[in-house]
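Here's the structure we're looking at; comments come further down.
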Amino acid sequence: MNLYELFIAPFAEFDFMRRALVGVFALAVGAGPVGVLLMLRRMSLTGDAMAHAILPGAALGFLAAGLNLFAMTIGGLVAGFTVALGAGAVARATQMKEDAALAAFYLVSLALGVLLVSLRGSNVDLLHVLFGTVLALDDATLLLIVGISSVSLLVLAVLWRPLVLECVDPGFLRSVSRAGAPTHLVFLMLVVLNLVGGFHALGTLLAVGLMMLPAATARFWARDLNVMVLLASLIAAAAGVAGLLVSYHLGAPSGPAIILVAGAGYAVSVLIGPVGGLLPRLMPGRHLEA
Amino acid sequence: MSAHHHPTHEHDHAHAHLARPTAEDRGATVLAFRDLTLGYDRHPAVHHLHGNVPEGELLAICGPNGAGKSTLLKGVMGAVRPLAGGIDLTRLPRQEVAYLPQAAEVDRTFPIDVYDLVATGLWRRTGLFGGVGRADRARIGEALASVGLAGFEGRPIGTLSGGQMQRALFARLLLQDARLILLDEPFTALDAGTVADLLALVRRWHGEGRTVLAVLHDFELVRRHFPRTLLLARSPVAWGPTEEVLVDDNLNRARRMCEAWDEGAAVCAPIVGERAA
């Protein structure tokens, strides 16, 4: 098998592989910056909670209209926004911290989702909702994913300054501006949007993997925020390509393959990443003069 | 109060877009506490504080731990709501108030450099979306030089020492260019050289006619550099010229007044006429 057959042929020969490629590239563009911000805001697990929260909405859409892109997307968005806004409202109006409120909301949401899916539909359908079908992205789904990525980039560009400042020094942002709370909510909505985009390709549970693993990986390679964001998107895209190839050649399911490749990249970075990785810490060079 | 302010132009490197206090502004009340009670869960942390802060005041706020000093500053910032009474800050828009909390919430692990952190002090000019122009960059450079951090622009904030971090936060305060500056224990855990440098900035702000309120524990420093002092022990003990406030009698009273939180405390019913002052 030559290099062409290994790397190019799958995409050159099969339309569904090319669509999958476009899909993961588009996802990577949005997921990179959103994931980095989630990580730096110590909200890495919030993405996971949100992914679970989206489930009942997608399931309701599925119950109402079967495997229908529009119904499942709207359902997922409504469920995700409800949980994000509900948990945010509880955190602001009561003494409860946002992570605890979010845990309460998403667990209820998840149970509801599993109940709804099991009321109707076979296990195969459940698997589709949980793990997505990156190899069966139709035009409408691709447009949706690309649209979500574009909107995400625009919103991030507009809100970048308050978003970053709310991570670095929330007290200062509160003292100069009231933008903190609305910015936080808009950001949570971006998380939901990107997860909904991702769940068509990777499923509700794995969508968050393309968000967090590249971000966590980039942290080991970059000291500067902007570089980190760019790197996260590139790593997500690379994991997408590599995962699709692994899945094609080994006949493995594509969603898990993509996330596992990203996971392998993370593992390597933990070991040898120059910014705080294991090896540089265990074997630092000789100390400097000043 | 306005005795030590000459209406000269020696500090006129101030920027044109600023509403500098005019001659008639000096001594006008910039911040007023109206029988203010601040607290948590109905328990007062600041109890029946009444008084005015004139523009240009350099006021030290002293008192034992738990006396309500930080709560008072948070109240001015609107982070703690009054249980009773009120705070008048009506003459100053929000952007004219700068606040340095006791333990700044800066996430030191966040991957940005000193320059970007300090540049956020320009928020009033740039807002959410505005760009940072050439003149702004010059001002950021000046601010960093003023606090002795020239050359630190590209350093990640995680590599700064405690004193360097406080210098950076003072550089940001410089850029905020506010008329009312609230400092909560700004010199705690700093070495003598850093305190001297940062104190010089506070003196400079005072000379520029800005109003500065600083929570401080070092009475010697207060006596030397702060003309007026508010001694707080939940209830105000004394408020006036520093040499009259920081006397043994007052300090002993402050220590006694600051009792523990009483779970079974009765509802505070003001005696009519008592708070007339």
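Only one of the numbered conditions (1) buried (at least 23 other Cβ atoms within 10 Å of the Cβ); (2) in contact (Cβ under 8 Å) with a residue 24 or more places away in the chain; (3) more than 30 Å from A:ARG219 (Cα to Cα) is not met by A:MET50, and that is (3).
Among the residues making up segment B:26-83, those that are under 22 Å from B:ALA265 (Cα atoms) and β-branched (Val, Ile, Thr) are B:THR37, B:VAL46, B:THR71, B:VAL80. Scoring A:LEU195 on the criteria (1) farther than 17 Å from A:VAL24 by Cα; (2) crowded, with 24+ Cβ neighbours inside 10 Å leaves a single failure, condition (1).
Applying the condition of being among the charged types (D, E, K, R) and within 15 Å of the chain's Cα centre (by Cα) to segment B:60-84 and asking which residue is nearest to the other protein chains (Cβ to nearest Cβ) yields B:LYS74. Answer yes or no as to whether A:ASP169 is crowded, with 18+ Cβ neighbours inside 10 Å and out of contact with any Gly (no Cβ under 9 Å at 6 or more places or on another chain). Judged against the criteria, A:ASP169 is a match.
Kindly indicate whether any position in segment A:164-176 is acidic (Asp, Glu) and not in a helix (DSSP H, G or I). The answer is yes; a qualifying residue exists. Considering only residues that are at pLDDT 80 or above and not in a helix (DSSP H, G or I), which ones fall in segment A:110-142? Matches in segment A:110-142: A:LEU137, A:ASP138. The C-beta contact set for segment B:241-256 (first residue outside any helix (DSSP H, G or I), second residue of a type in the set (Lys, Arg), distance under 8 angstrom, 6+ apart or interchain) comprises B:PRO241/B:ARG228; B:LEU246/B:ARG223.
Residues that are β-branched (Val, Ile, Thr), part of a loop (DSSP other than H, G, I, E, B) and surrounded by fewer than 20 Cβ atoms within 10 Å (Cβ to Cβ) within segment B:118-153 comprise just one, B:VAL132. Comparison of A:ALA215, A:ALA264, A:ALA237 shows that the only residue that is modelled with pLDDT of 90 or more, surrounded by fewer than 21 Cβ atoms within 10 Å (Cβ to Cβ) and either in a helix (DSSP H, G or I) or within 14 Å of chain B (Cβ to nearest Cβ) (or both) is A:ALA264. All told, B:ALA103 meets the bar of being within 11 Å of chain A (Cβ to nearest Cβ), aliphatic (A, V, I, L, M) and under 30 Å from B:ALA79 (Cα atoms).
In segment A:199-227, of all residues being in contact (Cβ under 8 Å) with a residue 60 or more places away in the chain and not aliphatic (A, V, I, L, M), the one that is farthest from A:LEU55 (Cα to Cα) corresponds to A:ARG219. Would you be able to say whether some residue in segment B:122-130 is within 21 Å of A:CYS167 (Cβ to Cβ), within 11 Å of another protein chain (Cβ to nearest Cβ) and under 16 Å from the mean Cα position of the chain (by Cα)? Checked against the condition, which is being within 21 Å of A:CYS167 (Cβ to Cβ), within 11 Å of another protein chain (Cβ to nearest Cβ) and under 16 Å from the mean Cα position of the chain (by Cα), segment B:122-130 yields no hits at all. Count of segment A:167-198 residues, restricted to those that are in contact (Cβ under 8 Å) with a residue 60 or more places away in the chain and either within 11 Å of chain B (Cβ to nearest Cβ) or under 20 Å from A:ALA89 (Cα atoms) (or both), is 11. Of all residues in segment B:84-117, exactly one satisfies the criterion of being more than 30 Å from A:ALA222 (Cβ to Cβ), among the acidic types (Asp, Glu) and surrounded by fewer than 20 Cβ atoms within 10 Å (Cβ to Cβ), namely B:ASP88. With respect to B:ARG137, determine if the residue is modelled with pLDDT of 90 or more, closer than 25 Å to B:ARG204 by Cβ, more than 10 Å from chain A (Cβ to nearest Cβ) and more than 18 Å from the chain's Cα centre (by Cα). Here the answer is yes, as B:ARG137 does meet what is asked. A single member of B:LEU173, B:LEU190, B:LEU201 is in a helix (DSSP H, G or I), surrounded by fewer than 23 Cβ atoms within 10 Å (Cβ to Cβ) and in contact (Cβ under 8 Å) with a residue 12 or more places away in the chain, and it is B:LEU201. Name the residues in segment A:133-166 that are within 14 Å of chain B (Cβ to nearest Cβ) and in contact (Cβ under 8 Å) with a residue 24 or more places away in the chain, would you? Hits for segment A:133-166 are A:VAL155, A:LEU156, A:LEU159, A:LEU163, A:VAL164, A:GLU166. For the condition among the hydroxyl-bearing types (Ser, Thr, Tyr), surrounded by fewer than 16 Cβ atoms within 10 Å (Cβ to Cβ) and within 28 Å of A:VAL36 (Cβ to Cβ), what is the one hit in A:SER150, A:SER118? Only one candidate qualifies: A:SER150. Look at (1) farther than 18 Å from B:PRO111 by Cβ; (2) buried (at least 19 other Cβ atoms within 10 Å of the Cβ); (3) within 14 Å of chain B (Cβ to nearest Cβ); (4) at pLDDT 90 or above and you find that A:ALA232 fails only one, number (1). Being surrounded by 23 or more Cβ atoms within 10 Å (Cβ to Cβ) and in a helix (DSSP H, G or I) is a description that applies to A:GLY203. Counting residues in segment B:146-158 that are under 18 Å from the mean Cα position of the chain (by Cα), closer than 25 Å to A:LEU40 by Cα and within 9 Å of chain A (Cβ to nearest Cβ) gives zero.
Sub-9 Å Cβ pairs linking a first residue in segment A:8-20 that is in contact (Cβ under 8 Å) with a residue 40 or more places away in the chain and within 15 Å of A:ILE258 (Cβ to Cβ) to a second residue that is surrounded by fewer than 18 Cβ atoms within 10 Å (Cβ to Cβ) and of a type in the set (Gly, Ala, Ser), at least 6 apart or interchain, are A:PHE16/A:ALA136; A:ARG19/A:ALA136; A:ALA20/A:ALA136, ordered by first then second residue. B:ILE87 falls short on exactly one of the conditions (1) of a type in the set (A, V, I, L, M, F, W, C); (2) under 14 Å from the mean Cα position of the chain (by Cα); (3) part of a strand (DSSP E or B), and that condition is (2).
The values are calculated or read from the model by the stated rules, or taken from the named source; none is laboratory data. As the structure is a computational prediction, the values presented were derived from the model and not from experiment. A quick note on method: Cβ atoms are made from the backbone with ideal geometry, for glycine too, and the neighbour counts reach across all protein chains shown.
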